[in-house]
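Trainee: Could you have a look at this structure, given as C-alpha cells, before my questions?
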C-alpha cells in the first residue's frame, strides 16, 4: 500500500524524502506565517452587519459624550496650555493607520469582558452627568472606547488598538485640583533651575520661591515664574511627541518606555532654559521683550532643542545596545 501524499504546506525532512526516492517537498516558511492566529488573507474582513452595529454604537457614543466633546473643544481653543488637544485625535488615528493592514486581516471575536466594560463606562458617564462631574466623566470616555472595541472586535484587535485609545488621554485636561498640584512643584523647579542657568550666563540672580531677582544695571528687579510658566504645557506636549517618536520605529518595549520617560527631564530642562532666556531678554533688552508674543515664541522655540535631545537619546540607544543577528555555524558538521 502506498503511503499518503505529504501536504506541501507542512514541514518535512527534505533529505529523508530525497533518500527514499520521493519527489522533493517544499518546506513551509514559518517566517511568512500570519501572527496572532490571523485567518487566511481575505478571511478576516468585518461583515456589513458588524459595520452597521459599529456605526450605531459610534453614534450613541457621540450622543452620550456630546457635552464633553464640546467642552473639550472649548478648552483647547481658549486655554493655550491644552491647545495640543486638537492634534491628539489625528495622531491617534495615525497609529491606527499604521496597523491597518494587520487589523484588516484579523478575525473579529467578541469578548464578554468588553461588554462589561461598556456597561460600566456608560453607567459611570450617566452618573457623572447627573452629579455634574463633567471633568471626571471625560475619563469614562476611554473606558467606553475600550469596552466598545473589545466587545465588538476582541482581544487580537485590542493588542493593536490599546495605544491609540490610551493616547487620547493627552487631549483631556486634568481636574483643577490635580492641575494645581502638578504645576506648583514645577513652578518652583523652573524658577530654581532658571536662576542657576542665568548665573551661568553671567547674570547675577537670587531665587526666592517662584521669583527670580536679577540685577539690571544698578538695581535689582524681579521676574515671577507664573503658573502658566510652570512647564505643564511643554511637559504634556513633549510626552505626546516622545511617544510618537518611540513607537514610530521598531524597538524593544523597554527602549520605547525609556524614550517616553526621557520626555520628563527634557521638558523640565527646556522649560528652565526658556525661563533663563526670558531673564536674559529682561536684563539686556527690557521688560517688553520678556512678555507677550516674544515670551510665547520662546516656548515654541524650545521644541527644537527638545526634539534634538529626544533624537539624541534614541541615537544613544541605537549605538549602545546593538542587536547582533544569530550566526549559525557551518563548520564541524553543523547544519
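Trainee: Right, residue 206: under 19 Å from residue 84 (Cβ atoms) and either in contact (Cβ under 8 Å) with a residue 60 or more places away in the chain or outside the structural domain of residue 84 (by TED's automatic domain parsing) (or both) or not?
Mentor: Considered against the rule, which asks whether it is under 19 Å from residue 84 (Cβ atoms) and either in contact (Cβ under 8 Å) with a residue 60 or more places away in the chain or outside the structural domain of residue 84 (by TED's automatic domain parsing) (or both), residue 206 comes out as no.
Trainee: Can you name the residue in the range 254-302 that is under 22 Å from the mean Cα position of the chain (by Cα) and modelled with pLDDT under 80 and is also nearest to residue 194 (Cα to Cα) among such residues?
Mentor: Step one: list which residues in the range 254-302 are under 22 Å from the mean Cα position of the chain (by Cα), which gives 254-271, 299-302.
Going one step further and asking which of them are modelled with pLDDT under 80, we end up with 299-300.
On the way: 299: 14, 300: 17 Å.
Only one residue tops the list, namely 299.
Trainee: Moving on. Consider residue 189 carefully, then state whether it is part of a helix (DSSP H, G or I) and either out of contact with any helix residue (DSSP H, G or I) (no Cβ under 6 Å at 6 or more places or on another chain) or touching a residue at least 60 places away in the same chain (Cβ under 8 Å) (or both).
Mentor: yes
Trainee: Can you tell me how many residues within the range 122-145 are under 16 Å from the mean Cα position of the chain (by Cα) and crowded, with 18+ Cβ neighbours inside 10 Å?
Mentor: The total comes to 0.
Trainee: How many residues does the range 52-82 hold that are touching a helix residue (DSSP H, G or I) at 6+ places or on another chain (Cβ under 8 Å) and in contact (Cβ under 8 Å) with a residue 60 or more places away in the chain?
Mentor: 15
Trainee: Considering 93, 123, which residue is under 18 Å from residue 243 (Cβ atoms) and either outside the structural domain of residue 58 (by TED's automatic domain parsing) or not in a loop (DSSP other than H, G, I, E, B) (or both)?
Mentor: Exactly one residue qualifies, and that residue is 93.
The values are calculated or read from the model by the stated rules, or taken from the named source; none is laboratory data. Note that the structure is a prediction, hence the values are computed from the model and not measured. Neighbour counts run over all protein chains shown; Cβ positions are idealised from the backbone, glycine included.
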